[in-house]
Amino acid sequence: MPLKARSVTKSNRSPSNNGSPGSPADTPIQFVKGVGPRLGAVFQSRGISTVKELLTFFPRAYEDRTRLLRVADLVEGVNATVAVRVQSMRKIPARGRTILEVRTGDESGTLALKWFHAPRGMEARFKPGTPIVVTGAVKIFMGRPEIIHPEISWNVGNPAAGDAQDTGNPTTPDIGRVVPIYTEIEGVSSRVLRKVLWEALQKYSFALTEDLPETLRAKHHLPELAKAVRFIHFPEQENETPPQVNDLVEFNTPAHARLIYEEFFKFEYLILRQRLRMEKQLAIAFGANGGRKGALDLAKLLPFELTAGQKKAVEEILNDLSQPHPMNRLIQGDVGSGKTAVAFISASCVLAEGYQAALMAPTEILAEQHYKTTQKLLNGRLNAALLTGKTPAAERATLLARLASGEPLLLIGTHALIEEPVVFKNLAYILIDEQHRFGVEQRRALRMKGRSTDKETGRAILPHSLVLTATPIPRTLALTAYGDLAVTSIRELPPGRQPIQTQVVRDHASTQRAFETIRGELRAGRQAYFIYPLVNESEAEGFTRLKSAVNEAERLQNEVFPEFKVGLLHGQQKPDEKAKIMAGFEKGEIQILVSTTVVEVGVDVPNATVMAIQHAERFGLSQLHQLRGRVGRGMHSSFCFLFSHPRTGETTTQRLEVLEQTQDGFKIAEADLDIRGPGEFLGIRQSGGLPFRMAHLVRDQEWLIKARDDATALLREDPDLLHNENSTLRRFFERDGHVQFERLKTS
Ligand code: ADP
Ligand code: MG
């Protein structure tokens, strides 16, 4: 019986003798057969030190070796597995090294195996007559099949005869099955890893205990954890059908579903619990004492009528503010959907009842823009003030005194708002624009400025908070990354917006045409933005073909558009300089604004009708969409040119074409999430990103929704997990939950 049987030849070392704490899943990997000190260290370097961590080191791919081919059937290019016997071996000296060539064959023909760097000691194993199974890509060389650097399985007995085939499932990791391929780590081959995983699963899969309540598992017909993990490493065949490699790599098996669901479920439970907890905290209720009326009156003062989406948003926010618990709401809407007006109207509710509010924006330009809007749109009827790094000392002192006196005021500013000396007398409402540009700490700092203590009960009173984002967030992200927030979406734009003609420009001829269009717009008195990914060439090391804002501003001015005035704006300029350039562009003295992405947010110049983005392939779709939103704000129709490098790949071009096809930020966000993952949206919100290893927000949407619903129901029925059937889950959260919980903290 040449095949290794299960569970023999195992070492007798027992982890418990080693004083290892906790469950068997915490057993150090050194106890796994085949993991010596060296391999142990390699695993450690990847954060794998326990058996459980090892068992969840999942394959990156699979290879179907369920069918053994005959040598005679081998053709060029296929990845084949063949059972052969060694016939002879020779070493061929070649230019300072030695090629190892092994001749093998079955009854149908001969197959050469070649190594250009033969592992030491290997040659001694190729004794004539030895049966082996080889796997690798077939080449036909001088009419004969050969495999370079094949993978070899030794001790295979007579696999062609089908040892241990009674279940249809072979009892060996490497042959006659769908075989896992692991990412090599530090030169440790996939084959070695496979063997280690095989051993670990034989001995320790029992240690993978269930956290999911049985009821949920049964409800969705999901396999047990140990079974699922085992399947993902070594898919077993069921009935007659071998597991499909396609389904495996697409995570489309019940085993994958089990792990995906579990990840989502645990996450949703925690984030919803966090939300419930926040909803129980105290805040001041606003609206009944004139605030609501004040806000609605202010809305009437606007020079336009609110869209239905804006009205609904105002209602939702006013409703939240009227509760004695802190609002935690996210308002999302496409660029230009008019979130600012909604924010101001809601702030006026709080001011009308004698309290203070603060609006923090990520850039000075944006803060100033907001301040100007309060003056322009609301005729100063909203008592607002501006505080940035630029505010002169004297003005600043006066402002701080006003805050300390308790004057009902909306303070608009940059992160200057969260600096030490800024003290509010009664801050009850905080608003954060473009929230993804701020970190958790900055948002918390602003919130803390509005924290007070209830004199009678000693309990904390927190401010209401509203965060605004101009990057529409796909539903799945709203449920995960923002799952602790209530979400308001404004899905329509104010009427009368002109469509923006968008074009991806790659070749010389279309570049020429684009520039003609741009020149035509400028001649007609319109203005243009030219956006570059870099400020200057020195940033571009290694990307020397990239155009930089500084160089291109010069070139555009001197060579391309000498008859127009070109201005340059970027993040490294002094605030004064930036303000001067912006003012010049707003007044129309500058016709072409060359800039980096600092104009991404907040610039509002209705006369600008051209957005020309260079190296568009380097930006995310949502970011491009944001940039595009800078035009199409006036009564003239507008253009957006996405210049991309001629050698930009097909997929990138297709990605950019999404922008040609739609102006719906929500659709664009979905596409972006699919292509680039959640990082694009989260910014620095959660430094660690979302903790999903298996689950994919777009691919696995359905499971997310199920997990969400189940978590909601569970929190309603057994919030503290006291029922017997939920005890496994409770134990999990007690053990590991705090780690995850820390990651989730957003307030
Ligand atoms: P964003 O949602 O991108 O922050 P803004 O609040 O800056 O959008 O609004 C974009 C522009 O639309 C501003 O010039 C604003 O005055 C204008 N606006 C907002 N709401 C309306 C409306 N209901 N009707 C017409 N114009 C509006
Ligand atoms: Mg805005």
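The values are calculated or read from the model by the stated rules, or taken from the named source; none is laboratory data. This structure is a prediction, so every number in the text was calculated from the model and none was measured. Methodologically, a virtual Cβ is constructed for each residue, glycine included, from the backbone with ideal geometry; neighbour enumeration extends over all protein chains shown.
The figures follow:
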read-out: Some residue of region 277-287 being within 27 Å of residue 633 (Cα to Cα), away from ligand 2 (no atom under 16 Å from the Cβ) and either modelled with pLDDT of 95 or more or touching a strand residue (DSSP E or B) at 6+ places or on another chain (Cβ under 7 Å) (or both); value: no
read-out: Residue ID - nearest to ligand 2 (Cβ to nearest atom), chosen from residues in region 465-503 that are assigned to a loop (DSSP other than H, G, I, E, B), in contact with a helix residue (DSSP H, G or I) (Cβ under 8 Å, 6 or more places away or on another chain) and over 25 Å from residue 633 (Cα atoms); value: 485
read-out: Single unsatisfied condition, residue 271 versus (1) within 16 Å of ligand 2 (Cβ to nearest atom); (2) closer than 23 Å to residue 716 by Cα; (3) β-branched (Val, Ile, Thr); value: (1)
read-out: Region 711-746: number of residues that are surrounded by fewer than 12 Cβ atoms within 10 Å (Cβ to Cβ), in a helix (DSSP H, G or I) and either modelled with pLDDT of 90 or more or in contact with a helix residue (DSSP H, G or I) (Cβ under 8 Å, 6 or more places away or on another chain) (or both); value: 4
read-out: Residue satisfying all of: in region 309-335; within 14 Å of ligand 1 (Cβ to nearest atom) and not in a helix (DSSP H, G or I); modelled with the lowest pLDDT among these; value: 335
read-out: Residues satisfying the stated conditions in region 355-377, i.e. among the aliphatic types (A, V, I, L, M) and within 16 Å of ligand 2 (Cβ to nearest atom); value: 359, 360, 361, 365, 366, 367, 377
read-out: Total residues in region 352-375, condition more than 16 Å from ligand 1 (Cβ to nearest atom), outside any helix (DSSP H, G or I) and either among the small types (Gly, Ala, Ser) or under 17 Å from residue 469 (Cβ atoms) (or both); value: 3
read-out: Any chance residue 535 is aliphatic (A, V, I, L, M), at pLDDT 85 or above and within 25 Å of residue 583 (Cβ to Cβ); value: no
read-out: The listed residue being touching a Gly at 6+ places or on another chain (Cβ under 7 Å), touching a residue at least 60 places away in the same chain (Cβ under 8 Å) and of a type in the set (Asp, Glu), out of 268, 236, 263; value: 268
read-out: Criterion: more than 30 Å from residue 465 (Cβ to Cβ), of a type in the set (Val, Ile, Thr) and surrounded by fewer than 21 Cβ atoms within 10 Å (Cβ to Cβ) - qualifying residue of 215, 307; value: 215
read-out: Near pairs, Cβ below 6 angstrom, 6+ apart or cross-chain, from region 360-387 (within 17 Å of residue 573 (Cβ to Cβ)) to any residue that is aliphatic (A, V, I, L, M) and surrounded by fewer than 23 Cβ atoms within 10 Å (Cβ to Cβ); value: 366/601
read-out: Residue count, region 484-535 (criterion: more than 30 Å from residue 435 (Cβ to Cβ) and not β-branched (Val, Ile, Thr)); value: 20
read-out: Qualifying residue in region 126-148 (condition: of a type in the set (Asp, Glu), in a strand (DSSP E or B) and within 48 Å of the chain's Cα centre (by Cα)); value: yes
read-out: Among residues of region 568-595, those that are under 35 Å from the mean Cα position of the chain (by Cα) and among the small types (Gly, Ala, Ser), counted; value: 3
read-out: Region 402-421, residues that are in a loop (DSSP other than H, G, I, E, B), surrounded by 16 or more Cβ atoms within 10 Å (Cβ to Cβ) and at pLDDT below 95; value: 414
read-out: Filter result for residue 346 (in the same structural domain as residue 451 (by TED's automatic domain parsing), small (Gly, Ala, Ser), within 11 Å of ligand 1 (Cβ to nearest atom) and buried (at least 23 other Cβ atoms within 10 Å of the Cβ)); value: no
read-out: Answer from 571, 629, 620 - the residue that is more than 16 Å from ligand 2 (Cβ to nearest atom), under 19 Å from residue 657 (Cα atoms) and modelled with pLDDT under 90; value: 620
read-out: In region 330-352, the residues that are within 11 Å of ligand 2 (Cβ to nearest atom) and among the hydrophobic types (A, V, I, L, M, F, W, C); value: 331, 335, 341, 342, 343
read-out: Any hit, region 451-464, residues being outside any strand (DSSP E or B), without any contact (Cβ under 8 Å) to a residue 40 or more places away in the chain, touching a Pro at 6+ places or on another chain (Cβ under 9 Å) and away from ligand 2 (no atom under 16 Å from the Cβ); value: yes
read-out: The lone exception for residue 399 - which of (1) part of a helix (DSSP H, G or I); (2) farther than 24 Å from residue 328 by Cβ; (3) within 15 Å of ligand 1 (Cβ to nearest atom) it fails; value: (3)
read-out: Candidates 389, 338, filtered to the one that is surrounded by fewer than 23 Cβ atoms within 10 Å (Cβ to Cβ) and within 13 Å of ligand 1 (Cβ to nearest atom); value: 338
